[in-house]
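Please read the structure below before turning to the comments.
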Amino acid sequence: MQDVIAFIDANRKRFVDELVEWVRIPAISSDRAHDADLRRNAEHLAAHVRALGAARVEVWKTPGHPAVFAEWKAAAGAPTLLVYGHHDVQPVDPLNEWVTPPFEPSLRDGRMWGRGVVDDKGQVYIHAKAIEAFIKTAGKLPINLKLIVEGEEEVGSVNLDALLRDHAADLASDFVCVSDTAMFGRGIPSLCVGLRGLTYVEVTVDGPALDLHSGSFGGGVANPVNALARMIARLHDDDGRVTVPGFYDTVRALSDAERREMAALPFDEKEWLRATGASATFGEKGFSTLERIWARPTLDCCGIVGGFTGEGAKTIIPARASAKVSCRLVPDQEPDDITRKLRDHLQRIAPPGVRVRVEELHGGRPYLAPTDHPVYEVAKRAFSKAFGKPTVFMREGGSIPFVRTIADATGKPCLLMGFGQPDENAHAPNEWLDLENYHLGIKSAAYLYDEISRMQ
Ligand code: BES
Ligand code: MN
Ligand code: MN
């Protein structure tokens with residue numbers, strides 16, 4: 001390992017420069033105008049890993065954006081690790097809030113700034129560079145390694161299930177490692193052992209056939225904006241609990257031990273709140289902030305539109321209103337079941353005189369890691385070697401649909417070894433990557449491959 005680590009130290013600057021080149025490609029998966037950029041993005045990565053001695057590199061087409069697959073073979077009998085990441089990025093608006101342009105990455109304050117630097121291109125390159133370090137020193141990897149990097153994570157991984165089914169044999173492995181999460185805090189190596197799932201719907205409320213004069217018609221017919229606002233308001237009770245019947249039916253209660261473990265983490269709630277800019281914490285009664293974010297389901301209205309929103313006043317009863325609503329889910333909630341319950345409930349509480357449509361946009365299932373599996377101790381050791389600190393277990397409130405899908409399909413444990421920072425501005429203007437984390441992340445991945453090679 002000495003040579004490998006020395007190589008990583010010696011090439012620290014070049015590894016940063018190479019990531020800068022990849023981040024320049026604006027691979028926004030939600031915008032059809034960027035379809036060609038997604039293809040270019042995948043080809044760029046494919047060419048990059050081809051040059052790192054991969055035995056097999058393929059760009060897999062999907063009905064949406066392509067995924068990249070690569071494979072390195074080690075000695076026969078060595079374990080096989082499947083590494084996952086995504087190459088697509090989030091949109092950049094509001095563009096005028098970026099200090100430097102999102103696709104012209106800049107290096108300031110020990111950070112790289114740009115869209116996708118940490119979510120998730122930087123974390124994909126962490127593995128690519130760890131692989132390179134072995135190939136250029138030892139000539140091969142100590143384990144068999146497969147890399148799958150999808151191009152539709154930020155739009156709900158809608159074609160992923162079919163891709164995994166079609167390529168089940170190609171993706172067979174002993175362990176899975178996903179690097180697409182953040183660490184608990186500065187310099188604290190953190191293995192994420194739980195993710196929430198998701199269901200995301202669009203609710204449309206139709207009333208009159210066209211906008212009506214609110215003097216002539218107001219008071220005579222239902223107003224879709226009023227109706228939708230009332231319906232959304234009724235989805236929570238005064239204790240912050242979701243009122244959709246059956247919503248909590250399959251929610252696994254936190255054990256006392258789980259609650260103790262979460263409470264023991266060095267969580268500075270004041271500091272956390274300050275970073276959000278909100279004036280107080282808020283949420284389901286009876287649970288701490290970390291419990292609410294990591295282990296309790298939520299329902300949130302992500303956006304709402306309808307009626308007149310231009311300058312000045314316009315007296316109408318609008319024809320239509322719509323809202324985007326997402327639920328974060330925890331074990332053992334199922335996206336399809338919750339979507340159906342939410343849809344039925346919204347239909348039930350709609351006032352007379354409006355029509356309600358609920359369209360499902362995407363979903364993903366929650367994940368809880370089998371932390372008694374020995375690979376979690378192995379990963380802790382690897383992470384701690386690189387960062388020189390004890391590794392903690394944490395959860396994340398976010399979702400990565402691949403994780404549960406691959407875990408269910410293969411029955412193998414999935415390590416969530418992430419290298420982001422909690423305040424990295426993912427999905428927001430001024431996303432940044434901590435360059436020290438990038439460097440130590442490459443070492444962590446290298447130690448992980450090495451430690452796994454020595455598991456029996
Ligand atoms: N990298 C994130 C997942 C994540 C979120 C990790 C928060 C750690 C903290 C991922 O790219 C993401 O944004 N996922 C989406 C999934 C959705 C589009 C299905 C999410 O959580 O909103
Ligand atoms: Mn991500
Ligand atoms: Mn993301």
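Structure values in brief
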| quantity | calculated |
| --- | --- |
| Surface accessible to a 1.4 Å probe, per residue, for the residues of the chain, Å² | 44 Å² |
| Radius of gyration and maximum dimension Dmax of the stretch 253-295, Cα, Å | 11.1, 32 |
| Lys, Arg +1 and Asp, Glu -1 on Cβ, resulting dipole of the chain about Cα centre, debye, nearest 20 | 300 debye |
| When the stretch 266-365 is reduced to its Cα atoms, the Kirkwood hydrodynamic radius in Å | 16.9 Å |
| 10 Å-binned pair-distance histogram of the stretch 187-272 (Cα, whole percent) | 10, 25, 25, 19, 11, 9, 1 |
| Simple spin-label estimate for ASP344 and ASP17 in nanometres, 7 Å along Cα-Cβ | 6.2 nm |
| Rh (Kirkwood; distinct C-alpha pairs) - the stretch 1-90, Å | 15.0 Å |
| From the C-alpha gyration tensor of the stretch 23-149, square roots of 5λ in Å | 29, 18, 10 |
| The stretch 199-214 residues near the modelled ARG355 label - backbone nitrogen below 19 Å, point 7 Å along Cα→Cβ | 202-212 |
| Whole-Å semi-axes of the ellipsoid equivalent to the chain (Cα gyration tensor, √5λ, descending) | 42, 24, 21 |
| Orientation-averaged projected area, Cα convex hull of the stretch 115-271 (nm²) | 17.9 nm² |
| Sequence ranges 346-359, 122-135, 168-181, 139-152, ranked by mean other-Cβ count within 10 angstrom, highest first | 122-135, 139-152, 168-181, 346-359 |
| Share of carbon and sulfur in the accessible heavy-atom surface of the chain [1.4 Å probe, %] | 51 percent |
| Projected area averaged over orientations for the stretch 119-211, convex hull of C-alpha atoms, nm² | 11.2 nm² |
| Straight-distance crosslink candidates among lysines, where the alpha carbon sits under 21 Å from LYS121 and sequence neighbours closer than 8 are dropped | LYS13, LYS61, LYS129, LYS146, LYS443 |
| Gain on full stretching of the segment that runs from ALA409 to ILE304 - 0.36 nm per residue minus C-alpha separation | 34.1 nm |
| Protection-proxy order for peptides 236-242, 91-97, each taking the mean of Cβ atoms within 10 Å per residue, highest first | 236-242, 91-97 |
| The stretch 378-450, Cα convex hull volume normalised per residue, Å³ | 110 Å³ |
| Mean Cα-pair separation over length for the chain, i.e. relative contact order, pairs under 8 Å, 6 or more apart, % | 26 percent |
| Percent breakdown of C-alpha pair distances by 5 Å bin, ordered from the shortest bin, for the stretch 233-323 | 2, 10, 15, 17, 15, 13, 10, 7, 5, 3, 2, 0 |
| Efficiency of FRET between LYS61 and ASP337 - r from beta-carbon atoms, R0 51 angstrom, step 0.05 | 0.95 |
| Theoretical gain in end-to-end length, THR281 to ALA209 [0.36 nm per residue, Cα-Cα removed] | 21.8 nm |
| Pairwise FRET efficiency - ASP372 versus PHE217, Cβ, R0 = 56 Å, nearest 0.05 | 0.30 |
| Stokes-Einstein translational diffusion, the stretch 333-456 - Kirkwood Rh over all Cα pairs, 1.567 mPa s, 4 °C, in µm²/s | 72 µm²/s |
| Contour excess over end-to-end distance, with Cα ends at MET455 and ASP170 and 0.36 nm allotted per residue | 100.4 nm |
| Test item: Cα-centred dipole of the stretch 365-408, Lys/Arg +1 and Asp/Glu -1 on Cβ, debye | 180 debye |
| Whole-Hz couplings from phi, Karplus 6.51/-1.76/1.60, listed for the stretch 435-442; x for Gly and Pro | 5, 5, 5, 4, 5, 5, x, 4 |
| Positive-end residue, the stretch 299-433 charge dipole about Cα centroid, Cβ charges, pick of ALA323, ALA313, PRO422 | ALA313 |
| Centre separation in Å (Cα based) which lies between the stretch 93-141 and the stretch 303-334 | 36 Å |
| For LEU361, distant residues with modelled amide H under 5 Å away | TYR200, VAL201, GLU202 |
| Relative contact order %, the stretch 292-348, counting alpha carbon pairs below 8 Å whose residues are six or more apart | 37 percent |
| Charge dipole (debye, nearest 20) of the stretch 372-456; +1 at Cβ of Lys and Arg, -1 at Cβ of Asp and Glu | 360 debye |
| Listed residues ILE406, PRO142, SER179: farthest to the positive end of the dipole of the chain (Cβ charges) | PRO142 |
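The values are calculated or read from the model by the stated rules, or taken from the named source; none is laboratory data. Treat the numbers as computed from the prediction; the structure is a model and nothing was measured. Glycine also receives a Cβ, built like all others from the backbone with ideal geometry; neighbour counts cover every protein chain displayed. Remember, those area values only see protein heavy atoms, side chains included, never the ligands or the DNA or RNA. Shrake-Rupley method; radii C 1.70, N 1.55, O 1.52, S 1.80 Å.
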